[in-house]
Amino acid sequence: MPLNKENILIVDDDIKILELLARRLKEFNYHVFKAISVKEALFILKDTSIDLLITDIQMPEVDGIQLLKYTNEHYPNMPKLVVTGYPSVDGALEVFKSGAMDYMTKPFTKTELKLAVERALEKRQEQQGALTFSRTQNLPFKEMVGDSTTFNQVLTIIDRVKDNRATVLIQGESGTGKELVARAIHYSGKYSKGPFIAVNCGAIPDNLQEAELFGYTKGAFTGADQNRNGFFQAASGGTLFLDEIGNACLDVQAKLLRALQEKEITKVGSRTLEKVDLRIVAATNMDLLEEIKKKNFREDLYYRLTVVEIKVPPLRKRKSDIPLLVDRFLQKYGMEYRDQLLRIDSEALKILKRYPWPGNIRELENVIQRSVIMADGPIGVKDLPDFLKYEIDFPEEEFMPLKDMERKYIKRVLLHAKGNKTKAAEILQISRKTLRDKLD
């Protein structure tokens, strides 16, 4: 029986129960994620598309009711089931008020579990039947957050390319989240079961790029003491993400072009062609057309890469998404550093929305991370770094003749000396007569 596509998250501090539930659900061919605490569950929810939550109620530190309330607001379309060994009427009412769909008392049979899970997932499918592709609910990679027009344009393109092997070039400034887009393309599509291999071309020295990408044979060069596969072979059946493609050397660009055209590669030191079956997604923050003019990038490779182009907007062009991004980072770092969900006041948020963010989302994340560390409570203006806050932009003084500049300075000294010319002359280290002459 093939593996079902649904992901199920189980949360229980009892390891034996957790393993039992996981084993049963795997027998039903579901993909299972396990968490022994609410904190661990939130980390999984952040990075993984979960189709069903199954949680215990009685847990140390933070109980299952709080987890239900949290997921009910942050993941409203995700069904929730509760399992508990301490049933009560009041407890059941609170569970349903917190957003759970069903309530099972330990011990329960294998059949009861299967029926409850199937009912919950069927309900989810009914709810999602009327939904269109928008925002991050349907994206497995939940770090992508936003609801602006420019952001949704990116999501629309992701939806169109996710189920085919078309080559994609992602363009955008540093810190805009180009790798997140690449991961969303891979993990939201039908090829998500294959590997996702990310390679930073700018981090590999030119003389090693070919060997790292395509592999090499024993004896191909000094130090090649065995046959080794490259990133192309590692990504077989999945996606190879070539970040900073503009930094690939010209020799490697020629081999990349052949790999894209012929779907085959050759290891360094070998004459044997190897067929490859994978999707290429590339990314750059460089103007490749300008690099083509400078003879730094191959024009034929550029057009082979740009079967589909995705331009990720800078944060300054999607400022309406800043509150959503801030919320996400407050959740992430609030739980990591403070074991609680933090909030930000309206004045601090206004300052964040005003700033142009040259470092884009990465810079915003760093600011929120720092603010969470520095804050004693909700994030306020006092917790933000000074460079975000208002500064007086003094106009530059115009150039003037030396004589006029001298007179201006003497008047400043006289003002400081409260009009006492003798004292001013002493500060200037000139005689009183010279002072008087310079002012005339």
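The values are calculated or read from the model by the stated rules, or taken from the named source; none is laboratory data. It should be emphasised that the depicted structure is a prediction, and the values quoted were computed from it without experimental measurement. Cβ atoms come from the backbone with ideal geometry, glycine included; neighbour counts cover every protein chain shown. Only protein heavy atoms, including side chains, enter the accessible area calculation; ligands, DNA and RNA are left aside. Shrake-Rupley method; radii C 1.70, N 1.55, O 1.52, S 1.80 Å.
Couple of notes before you dig in:
- Label-point separation, Lys423 to Val381 (7 Å along Cα→Cβ), nm: 3.7
- Rounded tilt (10° steps) of 15-27 against the dominant C-alpha axis of the chain: 70
- Compactness relative to 2.2 N^0.38 Å, alpha carbon Rg of the stretch 157-220: 1.38
- Read-out Rg and Dmax of the Cα atoms in Å, derived from the coordinates shown; its label in [x] 20.9, 68; [y] 30.7, 108; [z] 21.7, 73: [y]
- The charge dipole of the stretch 257-405, taken about the Cα centre with unit charges on the Cβ atoms of Lys, Arg (+1) and Asp, Glu (-1), comes to about 840 debye, rounded to the nearest 20.
- Solvent-accessible area per residue in the chain equals 55 Å², computed with a 1.4 angstrom probe and all protein chains kept.
- Value of [θ]222 nm, deg cm²/dmol, for the chain, DSSP H segments ≥ 4, -39500 (n - 2.57) each, nearest 500: -13000 deg cm²/dmol
- Rolling a 1.4 angstrom probe over the stretch 192-250 with all protein chains present gives an accessible area of which 46% lies on carbon and sulfur atoms.
- Exceedance of the 23 Å cut-off in Cα-Cα distance is limited, within the set Lys218/Lys275; Lys275/Lys311; Lys80/Lys106; Lys293/Lys319; Lys193/Lys317, to Lys275/Lys311; Lys293/Lys319; Lys193/Lys317.
- Listed residue (Leu289, Gly269, Ile158) projecting farthest to the positive dipole end of the chain, Cβ model: Leu289
- Residue among Ala198, Phe399, Ile44 farthest towards the positive dipole end of the chain, charges placed on Cβ: Phe399
- Candidates Thr109, Thr167, Thr306: whichever shows maximal mean-square fluctuation once the chain is modelled as a Gaussian network with Cα springs under 10 Å: Thr109
- Taking only Cα atoms of the stretch 229-285, radius of gyration then Dmax in Å: 11.2, 35
- If you sort the three axes of the alpha carbon gyration tensor as a ≥ b ≥ c, you get a/c of 1.5 or more for the stretch 295-440 and a/b no higher than b/c, which makes it oblate.
- Förster radius 45 Å - calculated FRET efficiency between Glu391 and Lys433, Cβ distance, rounded to 0.05: 0.55
- Multiplying the residue separation of Thr222 and Asn164 by 0.36 nm and subtracting their alpha-carbon distance yields 16.9 nm.
- Applying the criteria of a DSSP loop state and at most 13 other Cβ atoms within 10 Å to the chymotrypsin sites (Phe, Trp or Tyr not before Pro) of the stretch 351-440 yields Tyr390, Phe399.
- Partner lysines for Lys421 [C-alpha distance under 22 Å; skip if fewer than 8 residues away on the same chain]: Lys403, Lys408, Lys411, Lys433, Lys438
- Electrostatic dipole magnitude of the chain [Cβ: Lys, Arg +1; Asp, Glu -1; Cα centre; debye, to 20]: 1040
- Taking Thr284, Thr222, Thr71 as the candidate residues, the one with maximal mean-square fluctuation in a Gaussian network model of the chain, Cα springs under 10 Å, is Thr222.
- Lys/Arg +1, Asp/Glu -1 at C-beta; the chain dipole; positive extreme among Gly189, Gln340, Pro356: Pro356
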